Protein chains: 2
Amino acid sequence: MNTDSQADTAAEPLKVLAFDVFGTVVDWHSGIARAVDALGLAVDGDTFASEWRAGYKPALARINAGGQGWTRFDDLHLQMLDELLARHGITHLTDEQKRELNSAWEQLDPWPDAIEGLTRLKESYTICSLSNGNLSLLFKMAQRAGLPWDTILSAETFGVYKPDPKLYSGVARVCDVQPHQVMMVAAHQDDLDAARGCGLQTAYIERPREFGPNGLNPDRPDPANTRFATSLIDLATQLGC
Amino acid sequence: MNTDSQADTAAEPLKVLAFDVFGTVVDWHSGIARAVDALGLAVDGDTFASEWRAGYKPALARINAGGQGWTRFDDLHLQMLDELLARHGITHLTDEQKRELNSAWEQLDPWPDAIEGLTRLKESYTICSLSNGNLSLLFKMAQRAGLPWDTILSAETFGVYKPDPKLYSGVARVCDVQPHQVMMVAAHQDDLDAARGCGLQTAYIERPREFGPNGLNPDRPDPANTRFATSLIDLATQLGC
């Protein structure tokens with residue numbers, strides 16, 4: 001499904017790989033499900049993780065639409081958690097327990113291929129996150145998981161959430177390269193569509209288990225992506241790293 | 001000159017070290033002087049480097065005062081270079097040569113203690129830049145020099161230059177810690193004064209050769225700083241790393 005797009009043959013070489021994080025680099029579903037199950041709540045972790053994540057896109061869209069001002073990703077997660085607990089009739093968790101559960105988003109494990117893939121890619125390219133997660137969340141995650149970012153870029157860096165074009169154009173701007181010298185790497189076609197709209201190259205990473213062992217992953221790659229890879233190690237190999 | 005400030009005994013421990021870069025971590029004077037001398041201009045590199053750097057604070061103050069909008073550090077350096085070349089009657093450099101000379105700011109060498117000091121400090125703390133340099137400049141410098149930042153924060157991250165309080169408060173905010181859990185590390189007392197004004201801890205690094213082998217360094221540490229160190233290795237030792 002690789003395509004040799006015109007971007008591959010442009011005058012200026014690929015310089016920067018910008019990575020979506022949740023689902024692409026780290027396995028949010030199993031980490032969140034495990035943290036929920038550890039609390040022994042009257043809902044199974046698998047379901048709860050899926051529901052928690054499902055609130056994410058509508059919440060970000062509301063922020064991008066304006067009106068309520070900037071809200072950090074951490075705080076959005078906590079608001080969504082409150083709503084979700086109420087919906088399940090779970091009322092006994094203290095604020096401290098909720099914050100602790102919310103911090104599970106900082107403690108997600110990388111997919112098994114992620115560290116080796118990133119480490120190989122970093123030898124030839126600048127590698128950065130480009131995530132909707134806030135900076136402190138991404139810092140803590142990177143330190144715990146050993147993600148070898150050259151730097152961490154976030155929606156918080158640009159004051160708007162993906163898929164707003166400001167993020168994708170912003171990576172090229174702050175890295176001082178042309179848009180086609182940046183490749184967005186994600187397991188989500190909508191992220192890549194927005195990146196391609198800003199002139200970035202795109203690499204789709206297949207993550208069939210993003211929604212857990214029982215969850216259907218409805219995402220499908222567009223053949224127009226610059227690369228299609230089954231892991232970050234596969235991407236490194238394709239890019240000659 | 002160490003002082004056990006109240007910050008040392010506060011409930012929450014020190015978490016983040018934020019570093020000034022030019023002069024504190026890298027030796028700008030000798031790198032710029034060498035790049036100028038390599039061009040064989042009718043001015044010696046030592047003088048030119050000092051003059052180039054001298055234009056820096058007034059230029060940033062003009063940006064912070066507003067009116068001309070945001071200008072990237074790279075572009076400010078290039079504007080200052082144009083003015084400086086004109087003042088010395090040097091008219092034969094092409095735009096390409098000027099850009100090449102300007103890129104010497106990305107290619108500065110760390111002080112001899114910097115990599116070892118940062119690497120040791122990184123084992124116990126989050127280490128980040130907090131520099132007026134723009135992000136792409138700091139990326140390229142970090143990659144070339146092997147500076148092991150956990151992440152790169154810049155005036156560009158916050159849309160204002162030091163010593164505006166937004167930068168110092170911003171580090172604590174994006175790292176999700178209290179201000180006293182951040183230590184600003186710099187070879188410049190004015191940087192540390194501004195940081196202390198925002199509640200950060202401060203470490204003064206003595207860099208007697210910041211202005212070159214012949215230049216007087218007029219900077220003097222305030223005894224009220226949390227730490228005084230003769231190198232980043234010394235700081236690591238003082239902090240038990």
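The values are calculated or read from the model by the stated rules, or taken from the named source; none is laboratory data. Worth saying up front: this structure is predicted, and the values here are computed from it rather than measured. Heads up, the Cβs are rebuilt from the backbone with ideal geometry, glycines too, and the neighbour counts pull from every protein chain shown.
Scoring B:Cys128 on the criteria (1) touching a Ser or Thr at 6+ places or on another chain (Cβ under 7 Å); (2) free of Cβ contacts under 8 Å to residues at least 40 places away in the same chain leaves a single failure, condition (2).
Selection within segment A:162-188: residues that are outside any loop (DSSP other than H, G, I, E, B) and without any contact (Cβ under 8 Å) to a residue 24 or more places away in the chain. The member of this set that is nearest to the other protein chains (Cβ to nearest Cβ) is A:Val174.
Here is a yes/no grid of residues against (1) touching a strand residue (DSSP E or B) at 6+ places or on another chain (Cβ under 9 Å); (2) in contact (Cβ under 8 Å) with a residue 12 or more places away in the chain; (3) among the aliphatic types (A, V, I, L, M):
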{"site": "B:Leu76", "(1), (2), (3)": "no, yes, yes"}
{"site": "B:Trp111", "(1), (2), (3)": "yes, yes, no"}
{"site": "B:Leu135", "(1), (2), (3)": "yes, yes, yes"}
{"site": "B:Gln143", "(1), (2), (3)": "yes, no, no"}
{"site": "B:Trp149", "(1), (2), (3)": "yes, yes, no"}
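Out of segment A:117-143, which residues are more than 9 Å from chain B (Cβ to nearest Cβ), closer than 19 Å to B:Ile127 by Cα and either touching an Asp or Glu at 6+ places or on another chain (Cβ under 6 Å) or surrounded by fewer than 24 Cβ atoms within 10 Å (Cβ to Cβ) (or both)? Matches in segment A:117-143: A:Ile127, A:Met141. Residues A:Asp176, A:Asp191, A:Asp219: which one is charged (D, E, K, R), modelled with pLDDT of 95 or more and not assigned by TED's automatic domain parsing to the domain that holds A:Arg72? Selected residue: A:Asp191, the only one of A:Asp176, A:Asp191, A:Asp219 that is charged (D, E, K, R), modelled with pLDDT of 95 or more and not assigned by TED's automatic domain parsing to the domain that holds A:Arg72. Being crowded, with 18+ Cβ neighbours inside 10 Å and either within 13 Å of chain B (Cβ to nearest Cβ) or within 25 Å of A:Leu200 (Cα to Cα) (or both): is that true of A:Leu153 here? Yes, satisfied.
Restricting to segment A:55-90, give me the number of residues that are modelled with pLDDT of 90 or more and either surrounded by 11 or more Cβ atoms within 10 Å (Cβ to Cβ) or outside the structural domain of A:Val43 (by TED's automatic domain parsing) (or both).
Of segment A:55-90, the ones modelled with pLDDT of 90 or more are A:73-90.
Now drop any that are not either surrounded by 11 or more Cβ atoms within 10 Å (Cβ to Cβ) or outside the structural domain of A:Val43 (by TED's automatic domain parsing) (or both), which leaves A:73-85, A:88, A:90.
Qualifying residue count for the region: 15.
Against the condition surrounded by fewer than 21 Cβ atoms within 10 Å (Cβ to Cβ), more than 12 Å from the chain's Cα centre (by Cα) and in contact (Cβ under 8 Å) with a residue 60 or more places away in the chain, how does A:Gly159 come out, does it pass? Steps first, please.
Numbers: surrounded by fewer than 21 Cβ atoms within 10 Å (Cβ to Cβ): yes; more than 12 Å from the chain's Cα centre (by Cα): yes; in contact (Cβ under 8 Å) with a residue 60 or more places away in the chain: yes.
Yes; evaluated as a whole, the condition is true for this residue.
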